Every structure is written in C-alpha cells, then in structure tokens.
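The block underneath contains the structure these notes are about, expressed in structure tokens.
The values are calculated or read from the model by the stated rules, or taken from the named source; none is laboratory data. Worth saying up front: this structure is predicted, and the values here are computed from it rather than measured. Here Cβ is always computed from backbone atoms with ideal geometry, including for glycine, and neighbour counts include all displayed protein chains. Just so you know, the surface numbers come from the protein's heavy atoms only, side chains and all, with ligands and any DNA or RNA stripped out. Shrake-Rupley method; radii C 1.70, N 1.55, O 1.52, S 1.80 Å.
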Amino acid sequence: MNPFQKNESKETLFSPVSTEEVPPQPLSLPKKPPPKICGSNYPLSIAFIVVNEFCERFSYYGMKAVLTLYLYFLHWNEDTSTSIYHAFSSLCYFTPILGAAIADSWLGKFKTIIYLSLVYVLGHVVKSLGALPILGGQMVHTVLSLIGLSLIALGTGGIKPCVAAFGGDQFEEKHAEERTRYFSVFYLSINAGSLISTFITPMLRGDVQCFGEDCYALAFGVPGLLMVIALVVFAMGSKIYRKPPPEGNIVSQVVKCIWFAISNRFNNRSGDIPKRQHWLDWAAEKYPKQLIMDVKALTRVLFLYIPLPMFWALLDQQGSRWTLQATRMNGNLGVFVLQPDQMQVLNPLLVLIFIPLFDLVIYRLVSKCGINFSSLRKMAVGMILASLAFAVAAAVELKINRMTPPQPGPQEIFLQVLNLADDEVKVTVLGDENNTLLEESLRSFQKMPHYAQLHLKTKSQDFHFYLTYHNLSVYTKHSVEEKNWYSLILREDGKNISSMMVKDEGNKTANGMTTVRFINTLHKEVNISLTTDIFLSVGEDYGVSAYITVQSGEYAAVHCRTEDKDFLLNMGLLDFGATYLFVITNNTNQDPQAWKMKDTPANKLSIAWQLPQYALVTAGEVMFSVTGLEFSYSQAPSSMKSVLQAAWLLTVAVGNIIVLVVAQFSGLVQWAEFILFSCLLLVVCLIFSIMGYYYVPIKPEDLQKPADKQILHTQGNVINLETKKTKL
C-alpha cells in the first residue's frame, strides 16, 4: 500500500507551502476502522442487523399468520375479519412514509429503529393480553386487539424503510460488491423468518390449549418475544454502527416540487404566457434544475405504478380469504395434520425455490429461444399467473361448496330435534299464523337425520312447538334469531315431556378442527379429561357443555369422573372439521356410556388442493415483485431511490384497501368474488401491457447528472466531450 494515499482525501502531495504562522493543533489519532467479520470486508455490525431482521419478520409474519382466524374467533364474520386483516396490512404499508420522514428529517435511522421498535413491542404486549380468555369480555378483547394492531402497524411500518438502508450505510463505497451480497442475505433472512414463523405459530395456536380454547395468547406472545429479542440484538451493536446524520427528507422535497409546479401552472394559465416543454418545468422558479430533472424521471416510473395495486390485492389474500377457505378443507395429509393457517408457509418456501429456478433456468431458456423477455413483460406474465391462481381458487371453492352443508341466510335458521325421552315423541313446529312449518316423529334417543331449514318473517321470532308424548300434548315456545343453528332437546320430566333450545355455535368452527360438546343426562356432574390439557365439566340433569376444539383422531378411552366413581368413554374416531354431540347416559348394568351424533359432517376435500393456487400466485410474485422493484430502481435517479421505495410500498397499501372495499360492499359469494378479482387483474394486465408497450426504458448512463459539456484535464490539455442527450 502506498503510504502517501491514506490522507490524500484531505490534502494533496504537492500542496503550496503557507508562509503564515499556524497555531499548534492537538494531535488527532487516525480513526479506528470498524470491526470486520472474520477478516473479510463485511462489517461486523451487519450481523446484528440481519439477526434483527430475522426476528422482526418472525414476529410480524407469525402474528399475521393467525390473525384472520383470531378475528373470526372473536365472532366477527368472514367479511369483517377479512376487512380488518387488510386494513391492518394497508396501515403497515402507509406508515413507512412516516418512518422515513422521521429518520431522514429528525432522528436518523438508528434512533428511529430503536424508538419505533419499542412501540412495536408494546403493540405485541397489548395484542397478547387482549387474547387472554380470562381478561374481560368480547368488548375488552376487541379494543385491546385493535389498539395492539395499530401500535404494531406503526412499529413495523416505521422501521421498514430504515433497517435495510441502515445496513447499507455500514459499508464503505469501495465495498459495493459486498453490499450487494448483504442485501441478498438480508432478503434471505426475511423469508427465513416468515417461513419458520408461519409454520410454528399455527401450531402454538392449535396444539396448545389455554383455558379449554385455542391458545391465541401464546401464538401472539411468542412473536412478541421475538420482537423483544430483535430490539435487544439491534441495540447490542450500537457502539460499532456507522450512524450517518439525517440528510433531509427527499420525499417531502419531491412532493413540494410537484405541488409548486401544479400550482404555478394553474396561476399562470393565461394564453399570453408562453408554454413550457414539460409541466414540471413550472417549478423552475423555486427548485434547482437537477431536482426537476430527477422528478421527471421519477414520474415516468410512477405512472407505470398506477395499475400495480390490483396485483397486491390478490397476493395478500393468502392470509385472509385463502386461509378461511382452508378451514373448510381436510388438513389430514396422512403423515401429519396441517393447520389451515399453516398453508401460508408455502409462499415463502416456494419463493426460496422459485427465485433461483427462474433466474438460473427459466429466464435463461427463454433467452436462448431468442425471446426478448423484458422486465415489463415479466411483470405482465406475473399478473396473468396471479389471475389464474384466483381462477383455480374459485374452482376449489365451488368443489368445497358441493361437499359442505349450506349456511342459513338472512331470515333463516337451521333446526334439528333430539329426542332423549324413553319413548316416541311427535313434534310439530308452528309459525306465527299457526301454519305448520315442520312435523316429525322421533323414536327414543333419535335425532332428525339433518337440520331443517325454517324461514323467519323478521330477524328474530318465536316458534311454537306442540309435543305429543304418550297421550299427553305439551305446548311450548322458544325464541330464535336468524343465521343460526339450533337443537331442540326433548327430555322426560316425570311423566311429562319438556324441551330446551340450544344454539349450535359449533357449526361455525373458525379453525377447521374438530369440535365436540356434551349433554349429561346423569344426576351428577361429570368431569371429562379429553386430553392431558383439555378439561371440562358438564352439569347434572341435562347440562349442556360449551363447544371444545380438539385434534382429530381416535379417542377410545376418555377419562371421566363423577363425585363417586371414575369411568371411560369410547368416543371413537373424531374426523377433521366435524362437529359432534355426545349424550352421556346411564347404563344400569355397566358404566355410563356416550351416545355419539355428528351435527355437521367432516371436511372431505383435502387441503392439498390449495397447492396449485399457491404455486401459481408465488410464481407470479417472483416474476412481478422481484422484477418490478429491480426495474423501478434501474429507471429512477439515485436521488429518487427512497421516494421510489415509498411509492412501491404505497401500491401494496392501496391493494389491501381494494380488498377491504370489495369484502365490505361486493355482497358476492366467495367463488364469485375470486372470479371478480381474477377478471379485474386480467383487465389491469391489459392496461399495464399497453402502457409498457409505449414506455421507452432509460439507459443507466442517461440517469447521470446532465451537463452540456464535460471537461477533463489530462496533462494540461482540455478535452471537450459533448454529452449525449436522450429524449425523456
């Protein structure tokens, strides 16, 4: 190494000698270089940043994997659950604008990451507490959940534009190649965190029971713990980070420049004022020429962004509509049972497979065939693949509908009658006008073969029941509400017959797992141990238990206990997604036994049928997202990269808003909604293809700062080079 080079950035070798007296200066030691990883050119500080990103992405995607089912668990319908899920996702992609502004204009990247990570952790704590069953009622759960989601959205969105850029700041300019590899490792850590968390958190939800229910508090708490680890790891590297000071918010400069150009043009709309070549030229009175030229290049790319939100509207439904679809499918794959929310793990897994497959195989084969597969064409093909994925999802939805019982609609209920008396009972159901709605005769310990569909005149209504038992006729009345399932349970009361109406909420299971409930006809309370961590008590004299979610499988010997004896119940095979009713009865010669009835059938269609739609949409994501971001960066000036990143994230936010609006106002059945999204994306793809056809890509050298002449000094000679100009 040349010893004269180390200080040449501050002084030249042949500097003129000053004759002025220079006051003595304190001796300054050379700045210690940042520590490297194993003697390489990679700063040690990036290790803390990559681990932080892995833990943060584990935290975010792990929480998000079970979010839709938790919202459904709070007794919100599918449309409301989908809307809240996508409102949260949209907010997560709006807040990066705020995070970038805070980092660039005020706190700098390091402090912004630290402070907003604290907000992030607080959001996880509130969300986990809100999922504890013992903490208040549904209103408390709802309020805490929404507050927690808002804080999480502010935290994850706020640090999103800062972490990757802060990692890039750790490299010196001469190590550009190492910086490029760092971003690849950074992207790998994102997908690794997503892959692992999307598989683990649904297991924590479904395999662990909290107070007899799915343990959503644990499923939210573990991602929260990972966010705490992410914050601690990031803070540990504080002393070795390079921390560039805030340089001003380029996003605000761009917005102000565009606003001034528009307002200045509006104020000078007189015909006497000469026109200018470009509408942004009206900002020349206030802003420098270089900024205006950069904004011009930026707006050309932003114009192509207009159709992009529709793609994200489809892609982000993997965690909402597709997960809800999986709850009505059979997750038993033979070797293991897959939870509905675990299907999302296919996306990051396939991303890791498809990226090298497309880059190293498919794109090269297309190139060898002489096809010009430009970036815009790749993005258009990605849209087509996503559209096909939703067409496949619609076909799967239709197949599910043919295999599942119908759902009660507005002013409808489903009613079944269960006779627990010792002899035959005749049941007659009358409407308000004494018209016969249902008439059924049931033998002892017999139930109707299926639910009867009854129509209401209003949202809630009283039904009149006439029960004929032996020579007795009994009149009774029960109130019902629309869109619900009910069971009318008949039992002996001395020599008379009596009835009770039970709402069958278990038909609306939110996780696709098996649900069971019990009716205890004994005169003593029964304590039932379904598994080592699932216990319930059923009251005496026809007490009815709540619905309990259990794993599917064989339950040949379930331990039960009364105050004076222990006994075993053989519940047999509990199939995936089915709802069972067990009536515990007394057997005079043996121990009590359970009469088993299936209220709703098991899910018959395998969850593996979702694999084609996941493969298609992930292939579309690789072709659209990875290619689109790379193309956008290549077409914008270096000063506009952060603005472009913010705009790209905004397209994701708008896409989630589209889903929210459609879910709330379309009123379509699910398969028709899938077809609607598929057709909309095809139309958008056509528009995007036309826009791309007329788009003229900018060469990298054309993005350099313009100058009419470049002057090079070489050995005392001046060489004038005319700059090549390209029409924008």
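Only one of the numbered conditions (1) out of contact with any Cys (no Cβ under 9 Å at 6 or more places or on another chain); (2) open to solvent by less than 20 Å² (accessible area, probe 1.4 Å); (3) not in a loop (DSSP other than H, G, I, E, B) is violated by Met383, and that is (1).
Rundown of residues vs (1) in contact with a strand residue (DSSP E or B) (Cβ under 8 Å, 6 or more places away or on another chain); (2) surrounded by fewer than 16 Cβ atoms within 10 Å (Cβ to Cβ); (3) modelled with pLDDT under 90, yes/no style:
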| position | (1), (2), (3) |
| --- | --- |
| Gly553 | yes, yes, yes |
| His559 | yes, yes, no |
| Glu563 | no, yes, yes |
| Met571 | yes, no, no |
| Ala578 | yes, no, yes |
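Only one entry in Ile200, Ile190, Ile196 is over 25 Å from Leu71 (Cα atoms), outside the structural domain of Ile353 (by the TED database) and under 18 Å from the mean Cα position of the chain (by Cα), namely Ile190. Scanning the stretch 393-405 turns up at least one residue that is in contact with a Ser or Thr (Cβ under 9 Å, 6 or more places away or on another chain) and outside any loop (DSSP other than H, G, I, E, B).
For the stretch 325-343, does any single residue satisfy the condition of being closer than 24 Å to Trp648 by Cβ, assigned to a helix (DSSP H, G or I) and either over 12 Å from the mean Cα position of the chain (by Cα) or not assigned by the TED database to the domain that holds Asn77 (or both)? Give the derivation first.
Taking the stretch 325-343 and keeping what is closer than 24 Å to Trp648 by Cβ, we get none.
Checked the stretch 325-343: no residue is closer than 24 Å to Trp648 by Cβ, assigned to a helix (DSSP H, G or I) and either over 12 Å from the mean Cα position of the chain (by Cα) or not assigned by the TED database to the domain that holds Asn77 (or both).
Against the conditions (1) modelled with pLDDT of 90 or more; (2) touching a Pro at 6+ places or on another chain (Cβ under 6 Å); (3) not β-branched (Val, Ile, Thr), Pro309 satisfies every one except (2). Scanning the stretch 669-694 for residues that are open to solvent by less than 50 Å² (accessible area, probe 1.4 Å), closer than 24 Å to Leu91 by Cβ, out of contact with any Leu (no Cβ under 7 Å at 6 or more places or on another chain) and among the aliphatic types (A, V, I, L, M) yields a count of 1. Scoring Leu611 on the criteria (1) of a type in the set (A, V, I, L, M, F, W, C); (2) farther than 30 Å from Phe358 by Cβ; (3) open to solvent by 60 Å² or more (accessible area, probe 1.4 Å) leaves a single failure, condition (2).
Is it true that Ser666 is buried (at least 19 other Cβ atoms within 10 Å of the Cβ), under 30 Å from Thr404 (Cβ atoms) and of a type in the set (S, T, N, Q)? First the steps, then the outcome.
Working: buried (at least 19 other Cβ atoms within 10 Å of the Cβ): no; under 30 Å from Thr404 (Cβ atoms): yes; of a type in the set (S, T, N, Q): yes.
Answer is no for this residue.
The set of residues from the stretch 229-269 being touching a residue at least 12 places away in the same chain (Cβ under 8 Å), in a helix (DSSP H, G or I) and among the small types (Gly, Ala, Ser) comprises Ala230, Ala235, Ser238, Ser252, Ala261. Scan the stretch 163-185 and give yes if some residue there is farther than 20 Å from Tyr241 by Cβ and modelled with pLDDT of 85 or more, otherwise no. For the stretch 163-185, residues farther than 20 Å from Tyr241 by Cβ and modelled with pLDDT of 85 or more: absent.
Screening Ala602 with (1) of a type outside the set (Lys, Arg); (2) assigned to a loop (DSSP other than H, G, I, E, B); (3) touching a helix residue (DSSP H, G or I) at 6+ places or on another chain (Cβ under 8 Å) gives one miss only, at (3). Tell me, yes or no, whether the stretch 196-215 has at least one residue that is within 27 Å of Thr156 (Cα to Cα), open to solvent by less than 20 Å² (accessible area, probe 1.4 Å) and not in a helix (DSSP H, G or I). There is at least one residue in the stretch 196-215 that is within 27 Å of Thr156 (Cα to Cα), open to solvent by less than 20 Å² (accessible area, probe 1.4 Å) and not in a helix (DSSP H, G or I). Considering Leu388, Leu398, the condition of being open to solvent by 70 Å² or more (accessible area, probe 1.4 Å), more than 26 Å from Tyr580 (Cβ to Cβ), within 42 Å of the chain's Cα centre (by Cα) and of a type in the set (A, V, I, L, M, F, W, C) is satisfied by Leu388 alone.
Residues in the stretch 582-595 that are in contact (Cβ under 8 Å) with a residue 24 or more places away in the chain and open to solvent by 80 Å² or more (accessible area, probe 1.4 Å) were compared, and the one that is farthest from Asn484 (Cα to Cα) is Asn586. Considering every residue within the stretch 277-284, establish whether at least one is at pLDDT 85 or above, farther than 24 Å from Tyr695 by Cβ and open to solvent by 30 Å² or more (accessible area, probe 1.4 Å). Yes, because at least one residue in the stretch 277-284 is at pLDDT 85 or above, farther than 24 Å from Tyr695 by Cβ and open to solvent by 30 Å² or more (accessible area, probe 1.4 Å).
Each residue in the stretch 433-448 was checked for being in contact with an Asp or Glu (Cβ under 7 Å, 6 or more places away or on another chain) and among the aliphatic types (A, V, I, L, M), and 2 of them qualify.
Would you check if Cys55 is modelled with pLDDT of 85 or more and either closer than 30 Å to Glu177 by Cα or out of contact with any strand residue (DSSP E or B) (no Cβ under 8 Å at 6 or more places or on another chain) (or both)? Let's see the steps before the verdict.
Numbers: modelled with pLDDT of 85 or more: yes; either closer than 30 Å to Glu177 by Cα or out of contact with any strand residue (DSSP E or B) (no Cβ under 8 Å at 6 or more places or on another chain) (or both): yes.
Considered against the rule, which asks whether it is modelled with pLDDT of 85 or more and either closer than 30 Å to Glu177 by Cα or out of contact with any strand residue (DSSP E or B) (no Cβ under 8 Å at 6 or more places or on another chain) (or both), Cys55 comes out as yes.
Look through the stretch 241-263, keep the residues that are of a type in the set (Val, Ile, Thr) and exposed (fewer than 15 other Cβ atoms within 10 Å of the Cβ), and return whichever of them is farthest from Gly155 (Cα to Cα). For the stretch 241-263, the residue satisfying everything is Ile262. Checking Ala283, Ala313 one by one, the residue that is touching a helix residue (DSSP H, G or I) at 6+ places or on another chain (Cβ under 7 Å) and closer than 26 Å to Tyr187 by Cα is Ala313 and no other. Quick check on my filter: what residues within the stretch 338-367 are among the aliphatic types (A, V, I, L, M) and open to solvent by 50 Å² or more (accessible area, probe 1.4 Å)? Leu349, Leu352, Ile353, Leu357, Leu360, Val361, Ile362, Leu365 - these are the residues of the stretch 338-367 that are among the aliphatic types (A, V, I, L, M) and open to solvent by 50 Å² or more (accessible area, probe 1.4 Å).
Any residue in the stretch 99-108 that is within 17 Å of Val652 (Cβ to Cβ), in contact (Cβ under 8 Å) with a residue 60 or more places away in the chain, part of a helix (DSSP H, G or I) and not basic (Lys, Arg)? Steps first, answer last, please.
We begin by selecting, within the stretch 99-108, every residue within 17 Å of Val652 (Cβ to Cβ); these are 99-100.
Imposing the further condition that a residue be in contact (Cβ under 8 Å) with a residue 60 or more places away in the chain reduces the set to 99-100.
Filter once more, so that each one left must be part of a helix (DSSP H, G or I): 99-100.
Okay, now just the ones that are also not basic (Lys, Arg), so 99-100.
Yes, there is a match, as at least one residue in the stretch 99-108 is within 17 Å of Val652 (Cβ to Cβ), in contact (Cβ under 8 Å) with a residue 60 or more places away in the chain, part of a helix (DSSP H, G or I) and not basic (Lys, Arg).
Considering Thr549, Thr515, the condition of being assigned to a strand (DSSP E or B), within 30 Å of Thr458 (Cβ to Cβ) and either open to solvent by less than 50 Å² (accessible area, probe 1.4 Å) or touching a Leu at 6+ places or on another chain (Cβ under 8 Å) (or both) is satisfied by Thr515 alone. When you go through Gly319, Gly370 one by one, which is the residue that is open to solvent by 50 Å² or more (accessible area, probe 1.4 Å), not assigned by the TED database to the domain that holds Val66 and not basic (Lys, Arg)? Every option except Gly370 fails the conditions.
Out of everything in the stretch 447-489 that is closer than 27 Å to Tyr580 by Cα and among the β-branched types (Val, Ile, Thr), what residue ends up being nearest to the chain's Cα centre (by Cα)? Per the criteria, the residue is Val480.
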